[in-house]
Amino acid sequence: MALEFLIIGVTIVMGFLANQIFERTRISHVILLMLFGFLLGPILGLLPMTPDSVILSVLPFMASLALIFLLFDGGIEFDIVRLARTIPRSMLFTLLVFTLSIVLITAFTVFALGWNITDGALLGAVIGGSSGAVVISLVEKTHTKKETKSLLTVESTMTDALVIVTAVIILQMISAGVGMDISAIANLFLASFTIAIVLGIVAALLWISLMNRFELHLYSYMLMLALLFGLFSVTEIVKGNGGIAVFVFGIVLGNAKKLGKLARVEWVNPVSRTSRLFQEEVTFFVRTFFFVYIGLFMSLSYFTPFVLAVSVAFILLVALARIVIQQLVLHDIPELDEKVIITMMPRGLAAAVVAAIIPKMAGELGISIDIPYFQEFVFMVILLSNVAATAGVFLFKEVEEPQEKKEASKEKRNAKKKNG
């Protein structure tokens, strides 16, 4: 056990260093943590992934735990006021890019790899969305307009949830044998979303009520966590989507003060500063270990010419989807913003979590999912898309002055002409 505890300590330090490197150099922490896991497992053999490995046996639990914290953290950080201001184009861009990415990836897998449509759509759903944790930090270092930064932030936050929900719905479609029937898909989406949204709102209002009625300062985060786990479990038991329920729960709590003003009621802040700080620490811990987990599961077979070539093809298809939708929806933005939007497509924790728990979810639905190279493609796309996004930030960081500086310089020149 001494070696295992040493590795845990080193992993936490590695997670901290990866974050520091990310903040200072823009090299994605996802790349560094996956490579660290790859070093521990396949290269050095310190944590081999044998069938009886303890690490392998706790993967479904770790993946579900990461899923809960990912969506809850995304929810409480989700600013509904900013969303309301950017809804028209941001929502349209997000949904169209995600949908077109799935369509293109599905078509490629059907015609080039010989997969069936639902298997291709499942892969498309998993790798169709960008990572909020990576995008939000990366985009702040670019010289793009504020509107572009808001759009990319909204897109990455929304697609974290879309990846999870869409993958679950496709698994439900396979289980129900509904194929690609649009009405059946709509009914599954509606049922899953409705149950989850209602339970998420009810749980959030319950917690807000408790915080207003009682002074729950000591251990309040632990009580909120208990409610969070209970919400996820109950929603799954009644055939709703636990992830969406958790996401809605987080949105309501994170925006409680603003929602209270709209409802003309005075609500105390249900998520204290201490709780938010602790949430950040827990999310850091879970995220660090899960990306290291991914590296442990990778092997040298993931780097074969076939896997690399197909993974690059998927990334190019995603980039094509972004280019097409950008030209349709965002045709009036600066050239620098266009380039950043195209490259800002790193895949992250949502894709990794769903890829890891698909066998477990399929088993619960009474079906078997055996798609060749599925995890290899997902994990390699995560790695390569983060490399592409990091390269994009370095490439376009100094291409142009910030838009605000250019406008300020222009105003100064105009003022000098008038005075002169």
**Prompt:** Hey, Ala319 hits all of (1) modelled with pLDDT under 90; (2) among the small types (Gly, Ala, Ser); (3) within 16 Å of Ser131 (Cβ to Cβ) but one; which does it fall short on?
**Reply:** (1)
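Condition check ((1) buried (at least 24 other Cβ atoms within 10 Å of the Cβ); (2) not in a helix (DSSP H, G or I)) across all residues:
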{"position": "Ile341", "(1), (2)": "yes, no"}
{"position": "Lys360", "(1), (2)": "no, no"}
{"position": "Ser368", "(1), (2)": "no, yes"}
{"position": "Gln375", "(1), (2)": "no, no"}
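Ser209: modelled with pLDDT of 75 or more, surrounded by fewer than 19 Cβ atoms within 10 Å (Cβ to Cβ) and in a helix (DSSP H, G or I), yes or no? Don't jump to the end; show me each part of the working.
On the way: modelled with pLDDT of 75 or more: yes; surrounded by fewer than 19 Cβ atoms within 10 Å (Cβ to Cβ): yes; in a helix (DSSP H, G or I): yes.
Yes: the conditions hold for Ser209.
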**Complete:** Those residues of region 1-10 that are more than 16 Å from Pro48 (Cα to Cα) and within 25 Å of the chain's Cα centre (by Cα) come to a total of 0
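Among Gly295, Gly242, Gly254, which is the only one that is under 30 Å from Leu40 (Cβ atoms) and in contact with a helix residue (DSSP H, G or I) (Cβ under 8 Å, 6 or more places away or on another chain)?
Answer to the selection: Gly295.
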**Prompt:** Does region 261-301 hold any residues that are exposed (fewer than 13 other Cβ atoms within 10 Å of the Cβ) and outside any loop (DSSP other than H, G, I, E, B), and which are they?
**Reply:** Lys261, Leu262, Arg273, Thr274, Leu277, Glu280, Glu281, Leu300, Ser301
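Looking at Ile169, Ile136, Ile164, Ile127, which one is at pLDDT below 85 and buried (at least 24 other Cβ atoms within 10 Å of the Cβ)? Can you show your working first?
Numbers: Ile169 fails: buried (at least 24 other Cβ atoms within 10 Å of the Cβ); Ile136 fails: buried (at least 24 other Cβ atoms within 10 Å of the Cβ); Ile127 fails: at pLDDT below 85.
Result of the check over Ile169, Ile136, Ile164, Ile127: Ile164.
Could you list, in sequence order, all residues of region 13-34 that are in a helix (DSSP H, G or I) and touching a helix residue (DSSP H, G or I) at 6+ places or on another chain (Cβ under 7 Å)? Spell out how you get there, then give the answer.
Taking region 13-34 first, the residues in a helix (DSSP H, G or I) are 13-25, 29-34.
The answer is Met14, Gly15, Ala18, Asn19, Ile21, Phe22, His29, Val30, Ile31, Leu32, Leu33, Met34.
The values are calculated or read from the model by the stated rules, or taken from the named source; none is laboratory data. What you see is a predicted model, and the numbers here were worked out from it, not measured in a lab. Note: ideal-geometry Cβ built from the backbone for every residue, glycine included; neighbour counts use all protein chains shown.
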